[in-house]
Amino acid sequence: MTLQSPLGILDANTLEELARVICGDEHLYYRKGFEIARFLEHAGWQQVPEYDGGYRREWTLARLTERREEPTELEKVLLRLADPREYFDEPNQLPAVISAVNAFLVHEGARLENPGGRPRIVACDPSLAHPGSQGPVELKAAMTDLIGDRKMADLLQHRLDEARTCYANGAHVAAIIMLGSLLEGVLVHVVQERNASLLGRTSPDNVNLDTLIKTCHDAGWIGADVQRFCHELRKYRNFVHPRAEIRQAHTPDRDTLDMCWPVVNAVLNDLADSQT
């Protein structure tokens, strides 16, 4: 399925930040001048001028500005930045590069992802921008990989972005509730699209998360370990009801959230692996 890029004409400040990441420094993957020209060619650019020996960032920004009116050309550059083949010598640099790009790209209403080593750009809400608005674990599968309904996939992606914002701002209970909502939304639509008969006579609007977890496990779509920890996340998701939190006599903190987040990661990974 070919997805339309959410990129439009990028702001001049965004181009400056993009040039900074491409060039790299002591903290990000460093490219010499001639390597920057080669990077642009590897990204799929045609007729890249030879590096003239000037300041790397200025030369790179000039190249980006020349193609500012061609979003598809800038998209190629962003996707190449998230391509593992750029980092054979330093594979550990890839997450840092993606994080650096997303710190400014979110203001353009887009986000760079690399699920399963397949770079892509997805739309996100610019209002969710926050320094370091990353969850404790990067999810490895995109919503559009798992759910055919594009509108629902976008909605669930938005909830994931909101969970990241809650995480960054210390709203631990809110983040856990959002992750539980995301989990329920993913599971019910996966069951509907893969084998709706598994719901029996129960309407998708009425099926509960406990049943969805068991159904997906019984169908072989998520592992036994994932099923077990899903139920723990489900219990915390129920804290959307204040009385449930009072009964548990426990207020989730950052450590609780750090344990819940990988559960969602594992669910999405298992669902992606079990696709036919």
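The values are calculated or read from the model by the stated rules, or taken from the named source; none is laboratory data. Given the structure is predicted, the values throughout are model-derived calculations rather than measurements. Ideal geometry is used to build each Cβ from the backbone, glycine not excepted, and the neighbour counts take in all protein chains shown. Protein only, heavy atoms only, side chains kept; ligands, DNA and RNA dropped before computing areas. Shrake-Rupley method; radii C 1.70, N 1.55, O 1.52, S 1.80 Å.
What the table below lists for this structure:
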quantity: Selected residue (criterion: farthest from Thr14 (Cα to Cα)) from residues of the range 104-130 that are touching a residue at least 40 places away in the same chain (Cβ under 8 Å) and in a helix (DSSP H, G or I); calculated: Gly116
quantity: Check on Arg164, open to solvent by 40 Å² or more (accessible area, probe 1.4 Å), within 19 Å of the chain's Cα centre (by Cα) and under 30 Å from Ala103 (Cβ atoms); calculated: no
quantity: Odd one out for Gly33, checked against (1) open to solvent by 50 Å² or more (accessible area, probe 1.4 Å); (2) at pLDDT 90 or above; (3) of a type outside the set (A, V, I, L, M, F, W, C); calculated: (1)
quantity: Qualifying residue in the range 7-16 (condition: at positive phi and assigned to a helix (DSSP H, G or I)); calculated: no
quantity: Test: residue in the range 135-146 that is more than 14 Å from Trp261 (Cβ to Cβ), touching a Pro at 6+ places or on another chain (Cβ under 8 Å), open to solvent by less than 30 Å² (accessible area, probe 1.4 Å) and modelled with pLDDT of 90 or more; calculated: no
quantity: Test result for Asp154, assigned to a helix (DSSP H, G or I), in contact with a strand residue (DSSP E or B) (Cβ under 8 Å, 6 or more places away or on another chain) and open to solvent by 40 Å² or more (accessible area, probe 1.4 Å); calculated: yes
quantity: Residues being under 19 Å from Cys230 (Cβ atoms), of a type in the set (S, T, N, Q) and either open to solvent by less than 100 Å² (accessible area, probe 1.4 Å) or within 30 Å of the chain's Cα centre (by Cα) (or both) - total across the range 241-259; calculated: 1
quantity: Candidates Val226, Val263, filtered to the one that is at pLDDT 85 or above, touching a Phe, Trp or Tyr at 6+ places or on another chain (Cβ under 9 Å) and part of a helix (DSSP H, G or I); calculated: Val263
